[in-house]
Every structure is written in C-alpha cells, then in structure tokens.
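The values are calculated or read from the model by the stated rules, or taken from the named source; none is laboratory data. Quick caveat: nothing in here was measured; it's all calculated off a predicted structure. Note: ideal-geometry Cβ built from the backbone for every residue, glycine included; neighbour counts use all protein chains shown.
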Amino acid sequence: MPALRRTLGLLAIPALALAAALPAATAASAAPAAPTSSGTFRPDAAAGGWLARQLVGGDHFESVFNGTAYPDQGLTIDAVLAFAASRSSDDAAAKATAWLAKPEVISGYLGDGTTEAYAGATAKLLLAVEVRGGDPTAFGGVDLPARLRSLQTAGGRFSDRSQWGDYSNAFGQSLALIALHRTPGDAPAAAVDFLANSQCADGGFPVSFGQAACTSDPDATALAVQALAATGRAAKANTGLGWLTAHQNGDGGFAAAGATASNANTTGLATQALFSGGRLAAGFKGWSRLVKFQQDCSADPAVRGAVAYDASGFNAGNGARATAQAVLGLAGTPLATLSAAGARPGAPTLACPATVTDTATATPTAVR
C-alpha cells in the first residue's frame, strides 16, 4: 500500500500536475493574464474557489481506495499551486500548507529521509513551499532542498531511495529542476543535462527514463520544456514546444498519451507551457477548450466553477484533480515564477442569476 499511495500521489501532477518559465523573450514576463469572458468573470478564480470548498476539513484532500480514505498530499499540493495561480483562496492555501507540514503527513509523503526518500514528492512539496513564500530549509522539520539534492545520482537523475523500488520519472526530474532553480544553489548542471538528454528524436519527452523505445508524452513534455527553459536550455525547450503544438487537437485541447480525446488535466499543463513559452495562439486555443470544460450557471450550483475531466461531463471522482490542473492553463502563470503573494483570501463563487430559465444560454456574470 505505501508504494501504491506514493505512486498515486505523484501522479497527481500529470494526471497532475505544474510548470516553469520558458524560452522566448516573450515568456515568463509576458505570459498573459487569462482572458475574460466578460468584464469581471475570471475562469481561473471561479475554479480555484470551487476547489477550495472541496477540501476535507478545510485543509486537505483525500483519495478513496477499496472503501478506505487516505490523505492525498499530492492533490493537496496541486490545489495549493492552483490557488496561487488563480490569485484566490489564500486562506485555504495557508491551511493546506500547515496540514502538509504536520510530521505524520510530511513523513508519509516524503518518506523518513533515510531508508525511504522519494524524489518526485520532495520536489513537488519544495515547489509548493517556495510558491507560498515559506522557508523550505525548515518545513515540517525537513530541509527540503538538502533532501532533494541528496537524491541526485552521479548521472544527474533524481532517484527514489526505497524498499518499494525507484518510481522516479520525468515529472519528478522536471519539478526538481524548477524547484531547485528557485533556491540559492540553482539546479545542478548534471541534472539539467540528464533531462535534456532524455528528449526523444521527435522533440517530445518520455515519462519513464531508460526505455528501449523513447515515447513522447504530452504531460511529461509540458513539464520538461518549462523546466529546461527555466534552467537555460531554450533550444531544447522550443523543440519540445513545437512537439506540443503539433499534437494539439482540433478542438484546442490535448489528449493523454495513447488517447485521442482532449482532457482537462493534459490540456491544463500543455496550455500553461504554451503560454509560458510565448506560443500564444496555441495557448489561447487550449484556454478556450478548458473554458468549455468548466461548469457554468447552467450546472448544479454545487459544481459551478469546477472543471470536468472531459466532454462526457462532470464527474465527482476526478473533478478536483481536473480542476486543479486546469487552473494552471486558465491562469497561464509559469511555475518558475508562480507566487501566492497578493492572492485574495476568500474563495470566489460564480454570481449567477437567481433563477435560470434558459440553461442553454445562461452565463456567469461575475466572480464574487
């Protein structure tokens, strides 16, 4: 069970997922604020507000397996990043961050630091603490940058130290580069080289390292190009961005590897990467697809503002994860510069008409 819970927690990134500043001169400083569908409606804020109201006990998320609920640190971190990106729900973000710092919570996610230490989880938590403006060298009694650096191998890969095996992959490697780039010591050159050298011949990046056939994955590519751009590998990042734009669906969205239909998780990550890299035309197409997945005033009041995983409609089982990752694309802010500074404390809600008589045309008028 520990291995299963750890793997699922890390998958909250791509399935989770996040991103960083990208190449072109128009990148990080020029990544656009999300467009508005009216003068006051901000889809990212509406989604962030809905997400905040789903927190269990007001401070964390849980996942249920075989009828038992387990704390989901990975999804909770996704929400913290989404709150910062949407510049809202800061009170909820503060409570979630405090929950993550609890000894039993942090050790269950990162491992004990000796026999058990997980690279991807450490990188993801380090990034969240940085975004929140906390002290990552003393979070929950753990020096997160030091712990992460201790997991770097001689070849530059950040690997797990665990009796359950090594589950490290491109998601964790990319997040490690982004997070360590934000520390005084910067990301190690060998680690940057390792990710850069994993690029497939077609320009994309694989999820797993060392496979016989290099198979590009849209989620892994979205994270890798942002990590490489943030650490000075603009050429590699631009090639990855080209792979993403070539694999954008006609509806503007992106499909998971092996699938054809667009989903909010992959589209959120890819759209964030495109905005961050200055690919604005493709980015706005992705943004438009995400807005169509969002639940508006014609939906049940309990889910308004949430983002459905795909066109089949809203599903409570995957709604929180889909919404958290969709916010990254709706906001367009790169992970390398993402900050909770200035975020509003409250959780916004859609201001819908008191009575909706025409559900086909009802639209939100504002975010409260």
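A few points about this structure:
- Comparison of 143, 202, 186 shows that the only residue that is farther than 18 Å from residue 224 by Cα and either surrounded by fewer than 17 Cβ atoms within 10 Å (Cβ to Cβ) or of a type in the set (Gly, Ala, Ser) (or both) is 143.
- Filter pass, residue 337 being part of a loop (DSSP other than H, G, I, E, B), at pLDDT below 80 and either closer than 25 Å to residue 97 by Cβ or not small (Gly, Ala, Ser) (or both): no
- Selection from the stretch 163-202 of residues that are of a type in the set (Asp, Glu) and more than 20 Å from residue 337 (Cα to Cα): 166, 193, 202
- Residues in the stretch 171-187 that are in contact with a Leu (Cβ under 7 Å, 6 or more places away or on another chain) and of a type outside the set (Asp, Glu): 11 in all.
- One residue from 255, 222 being within 21 Å of residue 293 (Cα to Cα) and part of a loop (DSSP other than H, G, I, E, B): 255
- Answer from 235, 320, 302, 324 - the residue that is in a helix (DSSP H, G or I) and farther than 29 Å from residue 353 by Cα: 235
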